[in-house]
Amino acid sequence: AKKLKRGGLLYARVTKAPTRSAGKLALRLHGIKLKNVDGLFGKSDPFFEVRRTYDGASGGSWTPVYRGKHVKNNLNPKWEPASIDINILCDGDLNRRIQVAVFDHEKNGKHNQMGAFDTTVNDLVRSAGGTFTLTMGSKSFGTISVDECKIIGAETSSVLKPVSAP
C-alpha cells in the first residue's frame, strides 16, 4: 500500500503471470423472479459481478473480476454474454471458490446488493442449463439460471482438469 498525497491509499497486487492461458469462461446468465430492492418507486435495475478472493480458497474479501451491464426495471433480466479470463478469475484452478453477486444499479454508484452465491468454475460448467439460488444471509432473493457456461481457448496442459460429472 502507498499513501497518496491528497489522501487515501493505493493498493497494488503483484502476481506471477501464468506460463500458459487457461482460456476464457464463456458465460450467459439470466435472473428469474429476483426480489425488488428498489422500494416503492419502480423495479430494480440488476447487474451481476463475478468475483474472486485473494485470501485463499475458503474465504476472505471478494474482488470483482467482471461486471455485466445493468438491465433497467426488470426482475427477470437476460444479461449479455460474458467472457472472463480464467487465469484472472481463479489462477487457472477450476475448483477454486468464486462468487456471483447481483446488485441493483444506482446512478450515484451506491449499488444495493440483491444476493449472491458461491461456486467454482467447474460447478458453473456442470450446471449449464441449471440454476442457483441467489441468497443474502438465509433469505432467498430469486434464482439465477446458467444458460451457457463453457471454457474456450484453453491451452490444455495449463488448466487444472475439470472434474467429470458423476
Which lysines, on any chain, are close to LYS33 with Cα under 30 Å apart, when same-chain ones fewer than 8 places away are left out? LYS24, LYS43, LYS69, LYS72, LYS78, LYS107, LYS110, LYS139, LYS150
Just the Kirkwood number for the stretch 70-163, please: inverse of mean 1/r across all distinct Cα pairs, in Å, one decimal. 14.8 Å
Just in the stretch 68-114: which trypsin sites (Lys or Arg not before Pro) are loop by DSSP and have at most 15 other Cβ atoms within 10 Å? LYS69, LYS72, LYS107, LYS110
Distance (nanometres) between label positions extended 7 Å along Cα→Cβ at ALA1 and LYS72: 4.0 nm
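No value in this document is a laboratory result; all are computed from the given coordinates. This structure is a prediction, so every number in the text was calculated from the model and none was measured. Note that each Cβ is placed from the backbone with ideal geometry, even for glycine, and that neighbours are counted across all protein chains shown.
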